[in-house]
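Every number here is computed from the coordinates shown, using simple stated rules; none is lab data. All figures in this text were calculated on a predicted structure; none of them were measured in a lab. In this analysis, Cβ positions are derived from the backbone assuming ideal geometry, glycine residues included, and neighbour counts consider all displayed protein chains.
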């Protein structure tokens, strides 16, 4: 229970500090405070899809259906966090550029990502037979993740974009943030990651219970 | 600045709600796991 209390206190402190300290990017203004939430959400989306690929590889190696369950659960969470990153990004876009959606390279990338992982669940829903579904979904998850680094890190930097590209580090890989902003951002990143791992742990345990009940009923 | 405080309170309320939901869900899952044993 102590770690839950720690997450609760840490996240509450992050929320308070993200609003009472000066805006992280004064040239953008108050809207830049969303940076403390938007970037961690996008970060978790990448971690979740990477974990989905790892569990998919493990499924293909071991043919253990529990690994496929974990891959599906973590991809589902990744999709939810990806949608939240899209929504927070759209709010920022509305305030700074005047429109919720501009087909900016980063917006297009995240839209493609949503479609890719939406298709993952469409594929899972369309195939009958547990093993066939798991094998095809695992292969799809591996190929889908190959596009993630390109869509998130490469494409938005190659094509001219409205999106602030040097919010965290510049081209020389040096921090562009002040010390206070850096600490709040790092704490936010850690808190969001811990919350994600907690939710994933719950989702994984629920899938184990569901599978055990299904086996009992058969 | 007032707007910031309103947003902060709303965010805190959402966070407290999510935290309580997760704690309760955790307890429920634990109960179900014990039932299955």
MRE, 222 nm, helices only [DSSP H, n ≥ 4, -39500 (n - 2.57), over the protein assembly as shown, to nearest 500]: -28000 deg cm²/dmol
Cα long-axis angle, helix A:2-20 against chain A (0 to 90 degrees, to the nearest 10): 30
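Figure the gain on full extension for residue A:158 and residue A:218 (residue separation times 0.36 nm, minus the Cα-Cα span) and round it to one decimal in nm.
On the way: separation 60, 0.36 × 60 = 21.60 nm, distance 5.36 nm.
Extra length from residue A:158 to residue A:218 when fully extended: 16.2 nm.
Determine the relative contact order of segment A:12-85: mean sequence separation of Cα pairs under 8 Å and six or more apart, normalised by residue count, in whole percent. Intermediate results must be reported in sequence, preceding the final value.
On the way: 62 pairs, mean separation 22.6, N = 74.
So the answer I get is 31 percent.
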Between 0 and 90°, nearest 10: helix A:65-97 axis offset from chain A longest Cα axis: 20
Residue B:34-residue A:103 FRET efficiency (beta carbon distance; Förster radius 51 Å; 0.05 resolution): 0.50
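What are the semi-axes of the equivalent ellipsoid of the protein assembly as shown, taken as the square roots of 5 times the eigenvalues of the Cα gyration tensor, listed largest first and rounded to whole Å? Intermediate values should be presented prior to the final figure.
Values: eigenvalues 233, 121, 42 Å².
Semi-axes from the Cα gyration tensor: 34, 25, 14 Å.
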Within segment A:9-23: backbone nitrogen closer than 16 Å to the residue B:26 label point (7 Å, Cα to C-beta): A:9-12
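Inside 10 Å of the C-beta atoms of A:31-44, what's the mean count of C-beta atoms belonging to other chains? Could you put the intermediate results ahead of the total?
Values: counts 0, 0, 3, 1, 0, 0, 1, 0, 0, 0, 0, 0, 0, 0.
Across A:31-44, the average partner-chain Cβ count within 10 Å equals 0.
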Residue-span extension gain [residue A:143 to residue A:128] - 0.36 nm each, minus C-alpha spacing: 3.3 nm
Within 10 Å of each Cβ in A:129-138, the average number of Cβ atoms from other chains: 0
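Quick one: which of A:75-87, A:121-133, A:186-198, A:98-110 comes out on top by average Cβ neighbours within 10 Å, and what's the full order, highest first? It would help to have the intermediate numbers written out before the result.
Details: A:75-87: 20.5, A:121-133: 12.3, A:186-198: 18.1, A:98-110: 16.4.
Per-residue mean Cβ counts within 10 Å order the peptides as A:75-87, A:186-198, A:98-110, A:121-133.
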